[in-house]
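The values are calculated or read from the model by the stated rules, or taken from the named source; none is laboratory data. What you see is a predicted model, and the numbers here were worked out from it, not measured in a lab. FYI the Cβ positions are ideal-geometry reconstructions off the backbone, even for glycines, and counts take in every protein chain you see. To get the accessible areas, we keep the full protein, side chains included, count just its heavy atoms, and leave off ligands, DNA and RNA. Shrake-Rupley method; radii C 1.70, N 1.55, O 1.52, S 1.80 Å.
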Amino acid sequence: MHLEAPVPEIKVPIIWVLGGPGSGKGTQCDRIVAKYGFTHLSSGDLLRAEVSSGSPRGKELTAIMERGELVPMEVVLDLLKEAIIKALPDSKGFLIDGYPREKEQGILFEKNIAPVNLVLFFDASENTLVERLLGRAKTSGRVDDNEETIKKRLHTFNTHNDQVVQQYPDKLKKINAERNVDDIFAEVTTYLDLLVA
Ligand code: AP5
């Protein structure tokens, strides 16, 4: 646990990227990085890297992720904090993808790291999410890309997300993620251009 360690002052934008499983968070983050050069930190990727490291903590995490549940919030925040501190000297801004997933995570982030500047929420129907994830399952090799776990991931998302987004009415941009990747990105750039102006 590194939560006690202070984070140096962050002067670059912090953007949270929210959305259901398969809503296109990672896809849009890749586009954003290419255009704006922000540092992309995906909570899911950080957790999968911890799992691949073979650490005892990694084994516990796999079991939780296979069940489609949220891992303990201190674990995620700790991984994010470590990655932010490492990237901070050269970063133009941080895209925090898949975080916060519950109200308390957002509160803890702003208390321990820095206030968020913008919250992007990619909104898509359950049918769309399931269809995309099952499509990706053919090649992803992810332990949670199967029908049963997808249902649980959706349930977890539906349980917590409203509370998260309601917490940030002034910073939230709800984006229709049912469209094609280019159209979604065009809307994203309108918000980011304002932020970096
Ligand atoms: P995580 O890795 O964050 O998974 P997720 O939220 O379920 O999201 P995905 O990565 O599956 O999808 P995405 O929205 O990035 O979509 P993508 O761009 O890939 O989390 C995994 C697990 O880790 C969680 O279940 C939890 O256990 C744990 N965890 C993570 N964060 C946590 C936290 N903060 N606290 C506690 N636990 C946490 O796109 C999906 C597919 O759709 C792709 O095939 C893509 O090509 C396609 N696609 C994308 N956009 C479009 C489009 N516009 N049209 C058509 N197809 C599209």
TODO: Name the residue, out of 69, 74, that is more than 8 Å from the ligand (Cβ to nearest atom) and either open to solvent by less than 20 Å² (accessible area, probe 1.4 Å) or over 19 Å from residue 117 (Cα atoms) (or both).
DONE: 74
TODO: Go through the residues of the range 105-112 one by one and say whether even a single one is open to solvent by 10 Å² or more (accessible area, probe 1.4 Å) and part of a loop (DSSP other than H, G, I, E, B).
DONE: no
Open item on the list: Could you go through the range 112-126 and let me know if any residue there is under 15 Å from residue 45 (Cβ atoms) and near the ligand (Cβ under 10 Å from one of its atoms).
Closed with: no
Task: Of all residues in the range 141-156 being more than 9 Å from the ligand (Cβ to nearest atom) and part of a loop (DSSP other than H, G, I, E, B), the one that is surrounded by the fewest Cβ atoms within 10 Å (Cβ to Cβ) - done: 141
